[in-house]
Structure formats: structure tokens, C-alpha cells
């Protein structure tokens, strides 16, 4: 009997619309000879199953079911493709764990850890994975921009600690920029990270446990027309991507080994994407995406395609692993 798959998309963050685009791709590429996929939009006022004519049927969170045409449908497994909260911060994984419902991707602990930039970097530094110098600030504490500049120099990056798709990320070139961007970043999160600028080549490395083997899917070089690889560069065509990346064999070996180490040390599952800055023969970790974009513009599906792996195969593998 075919399993009912809830494709979880949407969410509470500024990444909601991107998540819905990713969810549409996943929904359209699930093998319908093996699974019955349903679109589930997660919103702050409830979860809704999208039916015929885009009619929204409310999902019962008591037993994770939906009633359509007087027929109650139970979901056997959740395919989580929510970027930001509650998909990447561990909240929705906690719900499914409590309900004993299988779900794709990392568990609540690994998701929460990887979503928190400060905590993630702190853990990886203990495993000798280098990153930029940084200063962490809470919204209710005093700070000195002069001391931050003294430690990190200019330019530097101001980042919302728990955000994705480069929302709440700014490049400060002057003290006035830094003052302004810290205030701007606090609009996205109550914690921010200020990081030193690393002048090198940015690469994105896809890693997945596919067919019972944790492997690198590809290394993509990111070249932006903007100041950095921001939302505009990611989704509005203001960047170039090169897969495979135009880097040396030594650099490829280095970031491949580091990305696999990051995946394993953080206890990740499913598909992920790690970002690094390469400076000569050194690689500095930036962040990891536990639920990377799966839109037509996204990096991970392009890397998989070059390996001859379809999105349908990725989806089937993810679901089969979740249902084991």
C-alpha cells in the first residue's frame, strides 16, 4: 500500500515563499507510483492541506490528519522542506518525534544546533574546523562598536544568528555602517554575530547520506555581482555559479573532507549544503543549511543532476530512509 506523504512547506520566517517553491518541486518529483504526496502549508495560524482548486483543509495537530470530502486521511511520513523556522530550527522535528511520525532530514537536536550560527561554529571549532573571528551580541546587552572594530577590523559582516537565505546579513565598511547594521540585524533576531571579512573564494558543498553512503554531491563556486552572496544574488540572478568549482585539486580535497566532517560531527541527516571561504590552501566554515533550497534556481539539485541523480531519486531515498 502506498504511503501518504505530507510535504511540509511554508513556515514562520522570511523564507516562507522560497520554502513553498522548494515544496512544489519536491511534491512534483515524488514517485507517485510508490507514494501519495500532499501539500501541507505551515502558517502561524495553523497547518493546511492544499486540495483541489487550492482549497485549504485544516490539518489536525492532535493526530496529524486531515479530513477531505468526509474522508479522514492520516499521514505516514513527513517530508520537511521548510527553510527557517520551524523547519530548520528543530521545532517541527520535535513535534513529529513526540507524535512518533517518521520525517526526513536531521533530528531536532542537529537541526537546532546547525541553525544557530554561534553554537554551530563553537562546536565545529572544537573539532579543528576553522571559521572567521567573531563577536556575539544579545539585544539586551551593551556593546562597543569601537571594540568590535578593534577585534575584527573593517569591513566585517553583521549576521542575524538564526536566519537563512541571507536575510539579516549586512556588510559593514564603516563604523557608521556597523552601528546601523547591528540595529537592522536585531529586527531579524535577538542575537547577532559580527564576523571578520574573509577575502577569498566562496564555495558551497552539497553532502547527503544517499543510498547508505555519506557523500559529497558537488562543489559550487559562487561569484556575486553584489557586495556578497545575498538574497538578491541567490534568487534574482545577481550571481554566477560554477559547478564544479574552479579551484585546485588540493582545495577540492580540503573542502570535501571538511564538509563530510561537518556533516558527521553535527549528526546531520538527509541533504545539506555547507558554505566555505577558500583562501589559498585554507578553508573557513561559514554555515550549513540543514534544509537547502530545492527550487529550480537552487544549488543542490544542480549538483545532483551533474552526477546523473534526479530529484525523484533524492526524494525516494529520503523517504525510504525516514520510513526504515
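The values are calculated or read from the model by the stated rules, or taken from the named source; none is laboratory data. What you are looking at is a predicted structure, and each value in this text was computed from that prediction instead of being measured. We place every Cβ from the backbone using ideal geometry, glycine too, and count neighbours over all the protein chains shown.
Out of the strands (runs of 3 or more DSSP E) lying entirely within the range 52-106, which hold 3 or more residues that are more than 22 Å from residue 35 (Cβ to Cβ)?
Of the strands (runs of 3 or more DSSP E) lying wholly inside the range 52-106, none has at least 3 residues that are more than 22 Å from residue 35 (Cβ to Cβ).
For residue 296, indicate whether it is more than 21 Å from residue 111 (Cβ to Cβ), at pLDDT below 95 and touching a helix residue (DSSP H, G or I) at 6+ places or on another chain (Cβ under 8 Å). Even if it seems obvious, please write down each step before you answer.
Working: more than 21 Å from residue 111 (Cβ to Cβ): yes; at pLDDT below 95: yes; touching a helix residue (DSSP H, G or I) at 6+ places or on another chain (Cβ under 8 Å): yes.
Taking the combined requirement at face value, the residue satisfies it.
Keeping to the range 55-71, report how many residues are loosely packed, with under 13 Cβ neighbours inside 10 Å and farther than 18 Å from residue 44 by Cβ.
Counting residues in the range 55-71 that are loosely packed, with under 13 Cβ neighbours inside 10 Å and farther than 18 Å from residue 44 by Cβ gives 6.
Which of (1) surrounded by fewer than 20 Cβ atoms within 10 Å (Cβ to Cβ); (2) part of a strand (DSSP E or B) does residue 119 not meet, given it meets every other one?
Of (1) surrounded by fewer than 20 Cβ atoms within 10 Å (Cβ to Cβ); (2) part of a strand (DSSP E or B), only one is false for residue 119: (2).
Scan the range 77-102 for residues that are touching a strand residue (DSSP E or B) at 6+ places or on another chain (Cβ under 9 Å), touching a residue at least 60 places away in the same chain (Cβ under 8 Å) and surrounded by fewer than 24 Cβ atoms within 10 Å (Cβ to Cβ) and report the count.
Residues that pass the stated criteria total 4.
Of all residues in the range 152-190, which are without any contact (Cβ under 8 Å) to a residue 40 or more places away in the chain, surrounded by fewer than 20 Cβ atoms within 10 Å (Cβ to Cβ) and part of a helix (DSSP H, G or I)?
Those that are without any contact (Cβ under 8 Å) to a residue 40 or more places away in the chain, surrounded by fewer than 20 Cβ atoms within 10 Å (Cβ to Cβ) and part of a helix (DSSP H, G or I): 175, 176, 177, 179, 180, 183, 184.
Please enumerate the residues belonging to the range 209-241 that are at pLDDT 95 or above and closer than 27 Å to residue 167 by Cα.
Selection gives 216, 217, 218, 219, 220, 221.
I need every pair where a residue in the range 218-231 that is farther than 17 Å from residue 246 by Cβ has its Cβ under 7 Å from the Cβ of a residue that is at pLDDT 70 or above and assigned to a loop (DSSP other than H, G, I, E, B), sequence separation at least 6 or different chains.
Matching pairs, first to second residue: 231/167.
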